[in-house]
Amino acid sequence: MSDYKDLAPDIYRQRMVIEGYPGFVITDEHIKDYLTKLSDVCEMVTLITPVTHCSDLYGWAGWIHWETSGSHFYAWERPRLFFSVDIYTCKEFDPKKVEAFTREYFKATEVTYKEF
């Protein structure tokens with residue numbers, strides 16, 4: 001990304017990817033509940049309830065739309081239990097709160113995150 005240039009420095013954007021190993025198999029109900037509660041943790045205004053879909057090859061995916069962007073969620077059972085969350089907003093949020101909430105919600109054995 002050395003060639004990256006911020007083409008809109010006057011528009012605030014915050015991104016975070018958080019991934020981990022959950023302590024249980026994640027279902028669509030978990031994803032919907034997590035994304036709804038994540039909205040509160042990030043202090044976002046929800047525009048639609050979370051949407052989910054399951055691929056036979058790749059597992060669950062979910063999305064929630066916020067007034068200031070949204071979040072995508074992905075969960076695998078094979079080859080291992082694993083989740084990945086992408087958050088993109090035009091409003092500031094606290095990544096440490098997101099990490100703590102996500103770790104606790106999924107009883108994760110390991111979590112990592114990156115902001116950009």
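Based on the Cβ-Cβ distance from Ile11 to Tyr58, what FRET efficiency comes out when R0 is 30 Å, to the nearest 0.05? Show your work: numbers first, answer last.
Details: r = 32 Å, r/R0 = 1.07.
For Ile11 and Tyr58, the calculated efficiency is 0.40.
Within the chain, what whole-number % of the accessible surface is contributed by carbon and sulfur, with the 1.4 Å probe and all protein chains included in the calculation?
Details: 4000 of 7250 Å².
The nonpolar share, carbon plus sulfur, comes to 55 percent.
Amide H neighbours of Phe82 under 5 Å, at least 5 residues apart or on other chains, H built in the peptide plane: list them.
Correct list: Trp76.
Among the trypsin sites (Lys or Arg not before Pro) in the stretch 15-116, which ones are in a DSSP loop with at most 13 other Cβ atoms within 10 Å of the Cβ? Mind listing them?
Details: sites: Arg15, Lys32, Lys37, Arg80, Lys91, Lys96, Lys97, Arg103, Lys107, Lys114; in loops: Arg80, Lys91, Lys107.
In loop regions of the stretch 15-116 (DSSP not H, G, I, E or B), the sparsely surrounded trypsin sites (Lys or Arg not before Pro) are Arg80, Lys107.
Applying the Karplus parametrisation 6.51 cos²θ - 1.76 cosθ + 1.60 with θ = phi - 60° to the phi angles of the stretch 11-21, what ³J(HN,Hα) value in whole Hz is obtained for each residue in order, glycine and proline being reported as x?
Each residue of the stretch 11-21 in turn: 10, 5, 9, 9, 10, 8, 10, 10, 9, x, 9 Hz.
Could you give the Stokes-Einstein D for the stretch 1-50 in µm² per second, using the C-alpha Kirkwood radius, 10 °C, 1.306 mPa s?
Values: Rh = 14.1 Å.
The diffusion coefficient I find is 113 µm²/s.
Do me a favour and compute the ellipsoid semi-axes for the stretch 7-82 from its Cα gyration tensor, root of five times each eigenvalue, largest one first, whole Å. Write out the running numbers ahead of the final one.
Working: eigenvalues 123, 41, 26 Å².
With the √(5λ) rule applied to the stretch 7-82, the semi-axes are 25, 14, 12 Å.
Just Gly20, Gly59, Gly70 to compare: in a GNM of the chain, with alpha carbon springs under 10 Å, which one fluctuates most?
Gly59
Tell me the mean residue ellipticity at 222 nm calculated for the chain from its helices only (DSSP H runs of n ≥ 4, each -39500 (n - 2.57), averaged over every residue, nearest 500). Present the calculation step by step, with values, prior to reporting the outcome.
Numbers: 2 runs with 25 residues, N = 116.
About -7000 deg cm²/dmol.
Send over a whole-number figure in Å² for the accessible area per residue of the stretch 45-116, probe 1.4 Å. Spell out each step's value before the answer.
Details: 4520 Å² over 72 residues.
On a per-residue basis, 63 Å².
Scan around Lys91 for amide H atoms under 5 Å from its own, H built in the peptide plane at 1.01 Å from N, and keep only partners 5 or more places away or cross-chain.
Gln14
From the Cα gyration tensor of the stretch 53-116, with a ≥ b ≥ c the square roots of its eigenvalues, which class applies: rounded if a/c is under 1.5, or else prolate if a/b is larger than b/c, or else oblate?
Numbers: a/c = 2.48, a/b = 1.32, b/c = 1.88.
Here the stretch 53-116 falls in the oblate category.
Can you work out the Karplus-derived ³J(HN,Hα) for every residue in the stretch 69-74? Use 6.51 cos²θ - 1.76 cosθ + 1.60 with θ = phi - 60°, whole Hz, and x for glycine or proline.
Along the stretch 69-74, the couplings run 3, x, 9, 10, 10, 9 Hz.
In the Gaussian network model of the chain, springs joining C-alpha atoms below 10 Å, which of Phe82, Phe93, Phe24 carries the largest mean-square fluctuation?
The residue that fluctuates most here is Phe24.
The values are calculated or read from the model by the stated rules, or taken from the named source; none is laboratory data. On a predicted model such as this, the values are computed, not experimentally measured, just so you know. Counting neighbours? That spans all protein chains shown, and the Cβs are built from the backbone with ideal geometry, glycine included. Side chains included, ligands, DNA and RNA excluded: accessible areas come from the protein's heavy atoms. Shrake-Rupley method; radii C 1.70, N 1.55, O 1.52, S 1.80 Å.
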